[in-house]
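The values are calculated or read from the model by the stated rules, or taken from the named source; none is laboratory data. Not measured: the values here are computed from a predicted model. Methodologically, a virtual Cβ is constructed for each residue, glycine included, from the backbone with ideal geometry; neighbour enumeration extends over all protein chains shown. These accessible areas exclude ligands, DNA and RNA; they are computed on the full protein's heavy atoms, side chains included. Shrake-Rupley method; radii C 1.70, N 1.55, O 1.52, S 1.80 Å.
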Amino acid sequence: PGPAFSSSLFYLLAYCCRLLLLVTACSSIAGACSFVGSVRPPEHRPTNTNEMSITSTKRSAEGTANSGEALDSSSPVRIAYAGNSMLYFYDTPRFFSNLAGERRVASQDSCFRGGASLPSLLEDGNGMANKFRVKCNAENDVGSPTVESMLSSQNWDFLVMNDYTQAPSRIDLRKKTISTLLRDYSPMIVKCQAIPVFIITPAYRKAVKDSADLGSPEEFTERTRQGCEEYASALNTVLQPAKKCRIAPVGLAYLHIRKNKPSLWERLFHIDDFHPSPHGAYLQGCVLHWTLFGCAPDCKRLSPRELWCNARRMQPPNDDELPVPTLNEAEYLCDVAGAVCRDYNDICL
């Protein structure tokens, strides 16, 4: 072949090589784009298991989930309490503030009356004038005179409530509470921007206060759970998604201990078989901590006795003083609270 043919063949081969390189490059770019498009950003996982967020619940379809991210620990919360002696025995508001610490709780107020239901508390108001004793004459903290005055005094982050223990378990009383929650409580709750927290109070140790028809502690607790979840479902119909009710499964924590450590379950109660003992109050505080903050309290920051250093009331003045939990017992109660709350709320670890 002549020089002209050789030159043409050279240029043809060069052109084919360039075309091959171009096709290869395009294929690489397309594959890279496909790979990038298929990669999903990693799901957020809490880096500290003590800061787990409550994200869902087995009962979310019914609107009773303890939903929402754990509150920013750098922003202490304001907590209002409305209820009866199940909360003023061993001064839950002050005890819980000490348990959680100033980093988490900025302030608290309460409206309590012995034996009150949520409807009767609204009508009768505070009954603690002669029950919340104070150590300093200059101190006169017995709580707000009425639920209305407490909730209208400022905005609140949480409103912790407990009904008369048998009320959620009895259909007629349950319906009355739901009616009162929707008609009277809900406008105040919406206005003060609080997240309502309903406590599943524990069943009685014995069939006292005409409660025999409510069955065993397990049956009694199940009725109470159902009632509290109905309270939350009803109230959630008028609340914004970020303000949905939460439920503190204190009664379920009692049952956990009844099953696994019966002798300790006996010691969760006061001598009257229905009020909490210091052990019961400590367990309740740990359950509330999980429910409000989505994490365990620091049970080693203060000794159990130090947590009641400024309590306005422990047991009734004429009753013998009951022992507070030991350090080992406190750690166990804290662990039970975490296990029960994780199970009830189906926390995503």
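Here VAL324 meets the list (1) open to solvent by less than 10 Å² (accessible area, probe 1.4 Å); (2) closer than 27 Å to ALA129 by Cα; (3) of a type in the set (A, V, I, L, M, F, W, C) almost entirely, failing just condition (1).
Look at segment 216-241: where a residue is of a type in the set (A, V, I, L, M, F, W, C) and a partner is assigned to a loop (DSSP other than H, G, I, E, B) and modelled with pLDDT under 95, sitting 6+ places away or on another chain with Cβ atoms under 8 Å, you get ALA232/GLY63; ALA232/THR64. From the list ASP157, ASP124, ASP184, the lone residue that is over 22 Å from GLN240 (Cα atoms) and either crowded, with 21+ Cβ neighbours inside 10 Å or of a type outside the set (A, V, I, L, M, F, W, C) (or both) is ASP124.
Mind checking whether some residue in segment 273-283 is surrounded by 15 or more Cβ atoms within 10 Å (Cβ to Cβ), of a type in the set (Ser, Thr, Tyr), touching a Pro at 6+ places or on another chain (Cβ under 7 Å) and at pLDDT 95 or above? Yes, segment 273-283 contains at least one residue that is surrounded by 15 or more Cβ atoms within 10 Å (Cβ to Cβ), of a type in the set (Ser, Thr, Tyr), touching a Pro at 6+ places or on another chain (Cβ under 7 Å) and at pLDDT 95 or above. The set of residues in segment 186-209 being hydroxyl-bearing (Ser, Thr, Tyr) and within 16 Å of the chain's Cα centre (by Cα) consists of THR201 alone. Screening THR165 against (1) assigned to a helix (DSSP H, G or I); (2) out of contact with any strand residue (DSSP E or B) (no Cβ under 9 Å at 6 or more places or on another chain); (3) under 26 Å from GLU222 (Cα atoms) leaves a single unmet condition, (1). Just checking, does segment 310-320 include any residue being assigned to a helix (DSSP H, G or I) and either modelled with pLDDT under 95 or closer than 23 Å to PRO93 by Cβ (or both)? The answer is no, given that none of the residues of segment 310-320 is assigned to a helix (DSSP H, G or I) and either modelled with pLDDT under 95 or closer than 23 Å to PRO93 by Cβ (or both). The one condition from (1) in contact with a Gly (Cβ under 8 Å, 6 or more places away or on another chain); (2) within 11 Å of ALA82 (Cα to Cα) that PRO202 does not meet is (2). Taking the criterion of being among the small types (Gly, Ala, Ser) and out of contact with any Leu (no Cβ under 7 Å at 6 or more places or on another chain), the residues of segment 271-302 that qualify are ALA281, GLY294, ALA296.
Evaluate the following for ALA253: is it more than 11 Å from PRO202 (Cβ to Cβ), among the hydrophobic types (A, V, I, L, M, F, W, C) and either touching a strand residue (DSSP E or B) at 6+ places or on another chain (Cβ under 7 Å) or open to solvent by less than 30 Å² (accessible area, probe 1.4 Å) (or both)?
Spelling it out, it is not the case that ALA253 is more than 11 Å from PRO202 (Cβ to Cβ), among the hydrophobic types (A, V, I, L, M, F, W, C) and either touching a strand residue (DSSP E or B) at 6+ places or on another chain (Cβ under 7 Å) or open to solvent by less than 30 Å² (accessible area, probe 1.4 Å) (or both).
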